[in-house]
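Visitor: Below is one structure. I have some questions about it.
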Amino acid sequence: MRIHTRRGLLRGLAVAVAMSAVAGPTPAVFATPPGPTAPLRMSLPAPTGPYAVGTTELHLVDRHRADPWVDGRLRELMVSLWYPAARSGDRPLAPYLRPAIASLLAQRNDAQLGLPAGQVDWATISTHGRSGAPVLHRPGGHPVVLYSPGGGVHRALGTVLVEELASRGYVVVTIDHTYETPEVEFPGGRVEVQQLPEGDPTALNHVLLRTRVQDTRFVLDRLADLDAGRNPDADARRLPSGLTRSLDLSRVGMFGHSAGGFTAAEAMLVDRRIDAGIDMDGSMAYSFSANDFGEVTRRGLDRPFMLMGAGLSSGQPHNHLGASDWASFWANSTGWQRDLYVAQGEHFTFTDYPVLLPQLDAAFDLPAGLVTSSIGTVDPARITASLRTYVPAFFDAHLRQRPQPLLDHPSPAHPDVAFVR
């Protein structure tokens, strides 16, 4: 199920790209294998903040809500928590992908890229988060930021920005929306795959967004349990030392890519626990042809919110001057707002693709069209550095009340980012 627009809730990639969320029905040969060499091992850039990063997972079960996609099941989620850690180098670095997810993703992506099996070592991509590391103590706790990924995309695809925030003193909670994400791995290696039904795309998109907002509010409830000293994990697995009572839930932000950005806006509309949010290139419409926009576009928000768009949507720049849904949201909002636009970017500029795709391209000589259709022609390293500057600056300004002149006007240090007034 997809919305038929470039910014749709479940817009899979139109081309086969590495880490794609939706596999095509047949393989297509896009890359030339490098020969009998060792498999490509990709890496992520180290976060730049002053704190070491720890991470853990929680299995959450909503015993008061039936799953909307699979009959007879309670709604259950997997979330990851990324946080400032007390230095503990003896803890292993967490993998970018859980083992079963890495295996399934390798099968799908190797076929799409036209590579013999094993040419890319998806399983050994490492994060910079130490699994189960003790939480760095801070009186009053750390501010909290939620992350919701794009439609049909794994929560791991925002790791670069998530780690950056954690290294700067935030507890970041990433959410997989079960049965929408291609695969979600639960404790014990159980994998639940995408189960979205066929039907009217607009009606299904309404259910999808409503489910995402409910997921978000449920996660906030479970974080309150955690902060009260209770273990919300459905399997009662041991928590990292210091995790309980480490959250400052009086300061909560949310950001997301694509459908995750729409989720952030709609969740803020109905849940005042969320103080500030960012939409990264996500439409706020269920159907443009039916002029069916989100409630948040009509009512706006009275709290800080930042739009971050890239490239074109329906032939117009994807900012509030070119997109009718964003224009309505902008006009009806009374809170602090900014619209930052990356003209040379593309829809997946705001994910980990600018880090991963160039590494694949260097090894396998991928066609230029494959890379640019996903991340545009913007310099990947430069835009990654810019995003790792602007996103923390936004949350520092509105969750920590630290003045951020960077958010007042364009910066020559970030030439790819324009301010749209």
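Visitor: With segment 34-99 as the region, which strands (runs of 3 or more DSSP E) entirely inside it contain at least 1 residues that are out of contact with any Asp or Glu (no Cβ under 8 Å at 6 or more places or on another chain) and within 15 Å of Val219 (Cα to Cα)? Quick ask: steps written out before the conclusion?
Guide: Details: elements: 52-66, 74-85, 93-95.
It comes to 52-66.
Visitor: Right, something else. For Val391, which of the numbered conditions (1) touching a helix residue (DSSP H, G or I) at 6+ places or on another chain (Cβ under 8 Å); (2) modelled with pLDDT of 95 or more; (3) assigned to a loop (DSSP other than H, G, I, E, B) fails to hold?
Guide: For Val391, the exception is condition (3).
Visitor: For Arg245, which of the numbered conditions (1) surrounded by fewer than 24 Cβ atoms within 10 Å (Cβ to Cβ); (2) at pLDDT 95 or above fails to hold?
Guide: Among (1) surrounded by fewer than 24 Cβ atoms within 10 Å (Cβ to Cβ); (2) at pLDDT 95 or above, the lone unmet condition for Arg245 is (2).
Visitor: Look through segment 136-163, keep the residues that are out of contact with any strand residue (DSSP E or B) (no Cβ under 9 Å at 6 or more places or on another chain) and farther than 23 Å from Arg212 by Cα, and return whichever of them is surrounded by the fewest Cβ atoms within 10 Å (Cβ to Cβ). Before the answer, list the steps.
Guide: Narrowing segment 136-163 to residues out of contact with any strand residue (DSSP E or B) (no Cβ under 9 Å at 6 or more places or on another chain): 137, 139, 151-152, 160.
Narrowing further to those that are farther than 23 Å from Arg212 by Cα: 137, 139.
Details: His137: 13, Pro139: 5.
Taking the candidates together, the pick is Pro139.
Visitor: Moving to a separate point now. Can you tell me how many residues in segment 375-401 are over 20 Å from Leu312 (Cα atoms), of a type outside the set (S, T, N, Q) and touching a Leu at 6+ places or on another chain (Cβ under 8 Å)?
Guide: Of the residues in that region, 8 qualify.
Visitor: Another question, if that's okay. Out of the residues in segment 66-92 that are in contact with a helix residue (DSSP H, G or I) (Cβ under 7 Å, 6 or more places away or on another chain) and open to solvent by less than 30 Å² (accessible area, probe 1.4 Å), state the one that is farthest from Thr159 (Cα to Cα).
Guide: Leu77
Visitor: So which of Pro232, Pro240 is under 24 Å from Arg212 (Cα atoms), touching a residue at least 24 places away in the same chain (Cβ under 8 Å) and more than 22 Å from the chain's Cα centre (by Cα)?
Guide: From the options Pro232, Pro240, the qualifying one is Pro232.
Visitor: When you look at Gly261, is it out of contact with any helix residue (DSSP H, G or I) (no Cβ under 6 Å at 6 or more places or on another chain) and either at pLDDT 95 or above or part of a strand (DSSP E or B) (or both), yes or no?
Guide: Yes.
Visitor: Does segment 175-188 include one or more residues that are touching a His at 6+ places or on another chain (Cβ under 8 Å), open to solvent by 30 Å² or more (accessible area, probe 1.4 Å), at pLDDT 95 or above and more than 16 Å from Trp69 (Cβ to Cβ)?
Guide: The answer is yes; a qualifying residue exists.
Visitor: Name the pairs: first residue in segment 183-195 and on the phi < 0 side of the Ramachandran plot, second residue in a loop (DSSP other than H, G, I, E, B) and among the hydrophobic types (A, V, I, L, M, F, W, C), Cβ to Cβ under 7 Å, at least 6 apart or on different chains?
Guide: Filtered contacts from segment 183-195: Glu192/Phe186; Gln195/Trp69; Gln195/Val70.
Visitor: So, restricting to strands (runs of 3 or more DSSP E) that lie completely within segment 267-379, which ones have at least 1 residues that are among the charged types (D, E, K, R), open to solvent by less than 10 Å² (accessible area, probe 1.4 Å) and within 26 Å of Val219 (Cβ to Cβ)?
Guide: Result: 276-280.
Visitor: Any idea which of (1) over 30 Å from Leu249 (Cα atoms); (2) free of Cβ contacts under 8 Å to residues at least 60 places away in the same chain; (3) touching a helix residue (DSSP H, G or I) at 6+ places or on another chain (Cβ under 8 Å); (4) of a type outside the set (Phe, Trp, Tyr) is the one Thr372 doesn't satisfy?
Guide: Single failed check for Thr372: (3).
Visitor: What are the residues in segment 117-128 that are at pLDDT 95 or above and either part of a strand (DSSP E or B) or more than 20 Å from Leu356 (Cα to Cα) (or both), if any?
Guide: Ser126, Thr127, His128
Yes/no per residue for (1) open to solvent by 40 Å² or more (accessible area, probe 1.4 Å); (2) under 24 Å from Pro240 (Cα atoms):
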site: Ala94; (1), (2): no, yes
site: Leu105; (1), (2): no, no
site: Gln112; (1), (2): no, no
site: Ile125; (1), (2): no, yes
site: His128; (1), (2): yes, yes
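The values are calculated or read from the model by the stated rules, or taken from the named source; none is laboratory data. Only a predicted model underlies this, so the values are computations on that prediction, with no experimental measurement involved. Quick reminder, even Gly has a Cβ in these numbers, built from the backbone with ideal geometry, and neighbours come from all protein chains shown. Surface areas here come from the heavy atoms of the whole protein model, side chains and all, with no ligands, DNA or RNA. Shrake-Rupley method; radii C 1.70, N 1.55, O 1.52, S 1.80 Å.
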